[in-house]
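Q: Please read through the structure below; I'll follow up with questions.
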Amino acid sequence: MTSTRITKALAHADDTRRIEIGSGILSCTGPLFAATTGAPEAMIIADETTWNLAGPAVRAALTASGIALADPLVFPADPPVYAGYENVTRIRRRLAESGATACSIGSGTISDLVKLASGELAHPYVHVCTAASMDGYAAFGAAISKDGFKITRACPAPAGIVADLDIIATAPPMMTANGYADLTEKFTGGADWIIADALGIEPLAPFAWGLVQDGLREALAHPDAARTGERGALEGLVEEAMLAGLAIQAAQSSRPGSGVGHNFSHQWEMEGYGLDWPLPLSHGAKVGIGTMAIAAVYDAVLSHDFADVDAAKVAASWPTPQENEARVRALQSVPAIAEAAVGQAAGKYISREEIPSRVAAIQEVWPQIRARLRSQVPPAAEIRDMLKAVGAPYHPAMIGISLEKLRRTYFQAQTIRSRYAILDVLFETGTLDDVVASLFAPGGFWAEEPVPTESIVP
């Protein structure tokens, strides 16, 4: 079954031709593979867990459609496969040697690995989803670590996607919670885009915006039902996740699906935090904390108008390019991360001479967009309650992140991506230090948040 919204979105997608969402639909994998790839031979790529869930049924569906099968590539379940470039290389070589086209089965990691490997071979492929654990299934680009730096690397989205709700419902509840948490960042990410558009830095793409934002609140309105695997709630999450990916295709940018809240997760992933846990700390769990962190910033600044910012004073203390590079490097303890962050930060750096006009622009547009931002971003406390209800971590302590580390991450998050966001507004108005400090001072959001007794730290 394909919803009207997805059908409409597919008409604007460059890569993805068909998406099937429903119960008991693994049998459609064969016809979908044939129709979307045109390939005569498939290689199923999975890990042991996802193979056991869906491998035999997918194999039977492909065979029934006359698709020849190469030997499958099945990664061990323990330790879990990592989204590192070395695994992309392994998959690409196997596909190239066999001449087969990939049919992957899994969640985020398998999806991204096969996406990039197939992209490097310029081969279309099909993906079978096993969890509602993230929003990147239908997105172009894969979040892969290479040389210690994790970025979204350009590659086409799958030609076809199958999301069987019967399979997805068997995933551990925490995986659903992770996907839910990932989607919450569309609130703050959308606000970041509103700001960038208002300042003339990155215009809104109305169609892509609508794909993500129009149904977002409804998709996230039933966290308790999603936690228990209620099919209607799961279907809503899966559809919203697919639409987010299709919006990225339509916009030819990951902007519709990602704001600065995602940078908290990226920073910790690049540091390797949680990757050595028996069950590695998920992207979505970290994104949920990042969403809360940025929602707290919006809570703090939406009552301000920046009218009292002295542009001349900001310009006088504005770092030179060399000083800005030193600032970025000082925030990172890993040289490879620092080197990459320097390039990203340079991509949005403006000169001292440009500061007065930028401050004036912020002062002009902020009163105009403040009401829209307020309606776009739920309060941080509401985000916390949503995450708690779905079973996701809702305090950094639950994933082993201290408040001191979280505080530092605000500054790192501002530098590791060139995409303009709320933290850049604060940096360019000379208010970043004070706003972040206020969140941790008595009366501030993080200072007043009770520390839960539960934790997912092993």
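The numbers here are math on the coordinates, done by the rules we state, and not lab data. These numbers come from a predicted model, not from an experiment. Reconstructed Cβ throughout: ideal geometry from the backbone, glycine too, with neighbour counts over all protein chains shown.
Q: Based on the mean of other Cβ atoms within 10 Å per residue, sort peptides 235-245, 266-276 so the most packed one is first.
A: Packing order, densest peptide first, comes out as 235-245, 266-276.
Q: Given axes a ≥ b ≥ c from the Cα gyration tensor, I'd like to know whether the range 128-230 is rounded (a/c under 1.5), prolate (a/b larger than b/c) or oblate.
A: oblate
Q: Hey, another quick one. Mind running the shape call on the range 4-171? Use the C-alpha gyration tensor, a ≥ b ≥ c as the square roots of the eigenvalues: rounded below 1.5 for a/c, prolate if a/b tops b/c, oblate otherwise.
A: Here the range 4-171 falls in the rounded category.
Q: Using only DSSP helix segments of four residues or longer, with each worth -39500 (n - 2.57), what per-residue ellipticity at 222 nm results for the chain after dividing by its residue count and rounding to 500?
A: Rounded to the nearest 500, it is -17000 deg cm²/dmol.
Q: When DSSP beta bridges are limited to those with both residues in the range 4-171, what percentage is antiparallel, rounded to the nearest 5?
A: On the way: 5 of 28 bridges.
If we restrict to bridges inside the range 4-171, about 20 percent are antiparallel.
Q: Between 0 and 90 degrees, rounded to the nearest ten: what's the tilt of helix 48-64 against the longest Cα principal axis of the chain?
A: Once rounded, the angle reads 50 degrees.
Q: Under 8 Å for C-alpha pairs, at least 6 residues apart: give me the relative contact order for the chain, rounded to a whole percent.
A: Relative CO of the chain lands at 16 percent.
Q: Which of (1) 27.1; (2) 21.1; (3) 20.1 is the computed mean projected area of the Cα convex hull in nm² for the structure on display?
A: (3)
Q: Let me ask you something else. How many angstrom separate the Cα center of the range 262-322 from the Cα center of the range 144-208?
A: Result: 17 Å between the Cα centres.
Q: While we're looking at this one, here's another question. Can you list the aspartates and glutamates whose alpha carbon is less than 16 Å from that of LYS313, not counting same-chain residues fewer than 8 positions off?
A: Of all the aspartates and glutamates, those that pass the test against LYS313 - Cα under 16 Å, at least 8 places apart if same chain - are GLU353, GLU354, GLU428, ASP433, ASP434.
Q: Taking a ≥ b ≥ c as the square roots of the eigenvalues of the Cα gyration tensor of the range 284-355, is the shape rounded (a/c under 1.5), prolate (a/b larger than b/c) or oblate?
A: Here the range 284-355 falls in the oblate category.
Q: PHE75's amide H: which non-local residues (gap 5+, or another chain) put their own amide H closer than 5 Å, with H modeled 1.01 Å from N in plane and none for Pro or chain starts?
A: ALA46, ASP47, GLU48
Q: Taking every DSSP beta bridge with both residues inside the chain, roughly what % is antiparallel (nearest 5)?
A: Just about 20 percent of them are antiparallel.
Q: Using Cα positions and a limit of under 27 Å, work out the lysines in reach of LYS146, with same-chain residues fewer than 8 apart set aside.
A: Reachable lysines: LYS115, LYS186, LYS286, LYS348, LYS405.
Q: Separate question: Using only Cα atoms, locate the centre of the range 389-436 and the centre of the range 1-35, then give the distance between them in Å, rounded to an integer.
A: That distance is 37 Å.
Q: Do any chymotrypsin sites (Phe, Trp or Tyr not before Pro) in the range 276-364 lie in a DSSP loop with no more than 13 other beta carbon atoms within 10 Å, and if so, which?
A: The qualifying sites: there are none.
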